[in-house]
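Peer 1: For reference, the structure I am asking about is given below.
Each reported figure results from applying straightforward, stated rules to the coordinates on display, with no laboratory input. These numbers were taken from a predicted model, which means no experiment stands behind them. Neighbour counts run over all protein chains shown; Cβ positions are idealised from the backbone, glycine included.
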Amino acid sequence: MTDLGSAPIPPVGSDDHVTGEGDGGLIVYADLGCPRCAGAWGGLRERPGRLVFRHFPVASKHPRSPALHAAAEAAGLQGRFFEMVDSLYGDRGRVDDPHLWSRAEEFGLDLDRFETDRRSEPTAARIRRDFQSGIRAGVAGTPAVFDACTLLRDREREF
Amino acid sequence: MIGVGEKAPDFTLRNQDGEKVSLSDYAGRKVLLVFYPGDFSPVCGDQLSIYQEVKPEIEGRGVELVGVSVDSFFAHKAFQEKLGIDTTLLSDFEPKGEVARAYGSYLDAPLGFANRTLVLVDGDGRVAWTHESPNPGEFPGANVIFDALS
C-alpha cells in the first residue's frame, strides 16, 4: 500500500521539470486546471532563478486536469514541457483534445507519439509520483510553493 | 475536544440525499469524521477536494470518510455536486451544531460553526485519534490522516 504519511518534498531530481538557472529557486506543486495556479503562473515565470514544476492535479475539482497534466508530460518527452504549461495556463478556454492536438502541432511535436505518450502508464505514474509527494508534504491547495523545501504561505509570496 | 479513548457520542443526521445516517451504522468499521465550517467556503472546498483525491487510499485502510457541517442537506447536495466528490456529507443542522458540540468541535458565536476537526472512531465506537486545526482557516493535509492510520 502506498505510503502517504508525512515526508519532506523530494529534492530536485534529474527528471524534474526545471526552468531557469541556479541551485535554489522555487518548487511549485500546481494544477493545470486550477484558475488560481493560472493567475500565479505569470509571476512565477517572471522571477529570476530556478523554477521546478510538480504535478498536482485535483481531478474532482477540475475534471480536465488529469488530461492536461498528461499532455504536458507527453510534450515534455519531446522537450516542450514548459511551452505546453505556458500555453495551457495562458488560454484556459481551450483545453479539449482538439486544442491539445493543435498545441502539439504548433510546438512541432510528433503527434502520434504525443498521443501515445499522454495515454501511457509511465506518464500516469510520473504524474502520480509528483502528486503523492505533494500529499506527503502536506500540500492542501494549489499552487503550493516551496522555497528550499519550505512551504510558503500566501502572505509570504510575491505572486 | 473529545479525548482519545472516550466513547464517541452516537448521532443520527441526514446525509446529502436526506437519508438518516447514524454513527452506529458504522459499527465494526472505522470512520473518520471530518468536521468543517461550512459548504462553499474556499478552504472547505479545498479540504474536501484533496481528501477526495486520496479517498481510495483512506478506504483501502478500512476507514470510511464522512464530512460533517452545520449546513442543510440541500446545501450538502449542491456542494457535493459542485466539488465533484462522493464523500458522504452529514447535516448537523437542527439543533444547529449539536453533534459538533458533543465532540467539542463547535466554535460558539459569533462564528457558529465547527472548527476543522478530524475524529477517527474505531470499530468499537471509541475515539482512536483526533486533530484540531489551530483556526478554521487552516486544514490538515491528508498526510496527517495517513500518519494517524499508519
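Peer 1: Suppose we keep only residues that are more than 12 Å from the chain's Cα centre (by Cα) and in a strand (DSSP E or B) within the range B:16-36. Which one would you say is nearest to B:Ile58 (Cα to Cα)?
Peer 2: Applying the filter and picking the extreme gives B:Lys30.
For every residue, the table says whether it meets (1) within 13 Å of chain A (Cβ to nearest Cβ); (2) loosely packed, with under 15 Cβ neighbours inside 10 Å; (3) closer than 14 Å to B:Val119 by Cα.
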| position | (1), (2), (3) |
| --- | --- |
| B:Lys7 | no, yes, yes |
| B:Asp10 | no, yes, yes |
| B:Leu13 | no, no, no |
| B:Asp25 | no, yes, no |
| B:Leu48 | yes, no, no |
| B:Glu57 | yes, no, no |
| B:Gly60 | yes, yes, no |
| B:Phe73 | no, no, no |
| B:Ala102 | no, no, yes |
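Peer 1: To continue, here is another question. Of all residues in the range B:132-150, which are without any contact (Cβ under 8 Å) to a residue 12 or more places away in the chain and either buried (at least 18 other Cβ atoms within 10 Å of the Cβ) or among the hydrophobic types (A, V, I, L, M, F, W, C) (or both)?
Peer 2: B:Asn143
Peer 1: Just give me the residues in the range A:30-65 being surrounded by fewer than 20 Cβ atoms within 10 Å (Cβ to Cβ), within 14 Å of another protein chain (Cβ to nearest Cβ) and in contact (Cβ under 8 Å) with a residue 40 or more places away in the chain, in sequence order.
Peer 2: A:Pro35, A:Arg36
Peer 1: Just name the residue that is farthest from the other protein chains (Cβ to nearest Cβ) out of those in the range A:1-22 that are small (Gly, Ala, Ser) and within 23 Å of B:Asn143 (Cβ to Cβ).
Peer 2: My answer is A:Gly13.
Peer 1: Quick check: is even one residue across the range A:90-101 of a type in the set (A, V, I, L, M, F, W, C), surrounded by 12 or more Cβ atoms within 10 Å (Cβ to Cβ) and more than 15 Å from A:Ser65 (Cβ to Cβ)?
Peer 2: Taking every residue of the range A:90-101 in turn, at least one turns out to be of a type in the set (A, V, I, L, M, F, W, C), surrounded by 12 or more Cβ atoms within 10 Å (Cβ to Cβ) and more than 15 Å from A:Ser65 (Cβ to Cβ).
Peer 1: For A:Ala72, only one of the following conditions fails: (1) of a type in the set (A, V, I, L, M, F, W, C); (2) in contact (Cβ under 8 Å) with a residue 60 or more places away in the chain; (3) outside any loop (DSSP other than H, G, I, E, B). What is its number?
Peer 2: The single condition A:Ala72 does not satisfy is (2).
Peer 1: Additional query: Exactly one condition in (1) buried (at least 19 other Cβ atoms within 10 Å of the Cβ); (2) in contact with a helix residue (DSSP H, G or I) (Cβ under 8 Å, 6 or more places away or on another chain) is not met by B:Asp86; state its number.
Peer 2: Every listed condition holds for B:Asp86 apart from (1).
Peer 1: Hey, another quick one. Go through the range A:118-141 residue by residue and tally those that are more than 7 Å from chain B (Cβ to nearest Cβ) and in a helix (DSSP H, G or I).
Peer 2: 15
Peer 1: Additional query: Kindly indicate whether any position in the range A:89-102 is under 24 Å from A:Val12 (Cβ atoms), touching a residue at least 24 places away in the same chain (Cβ under 8 Å) and under 16 Å from the mean Cα position of the chain (by Cα).
Peer 2: Within the range A:89-102 (the criterion being under 24 Å from A:Val12 (Cβ atoms), touching a residue at least 24 places away in the same chain (Cβ under 8 Å) and under 16 Å from the mean Cα position of the chain (by Cα)), the answer is yes, since at least one residue qualifies.
Peer 1: Pick from the range B:82-100 the residues that are within 14 Å of another protein chain (Cβ to nearest Cβ) and among the β-branched types (Val, Ile, Thr): which of them is nearest to B:Val68 (Cα to Cα)? Give the steps one after another, and end with the answer.
Peer 2: Initially, the range B:82-100 is screened for residues within 14 Å of another protein chain (Cβ to nearest Cβ), giving B:82-87, B:89.
Those still in the list that are among the β-branched types (Val, Ile, Thr) too: B:85, B:87.
Working: B:Ile85: 14, B:Thr87: 10 Å.
Taking the candidates together, the pick is B:Thr87.
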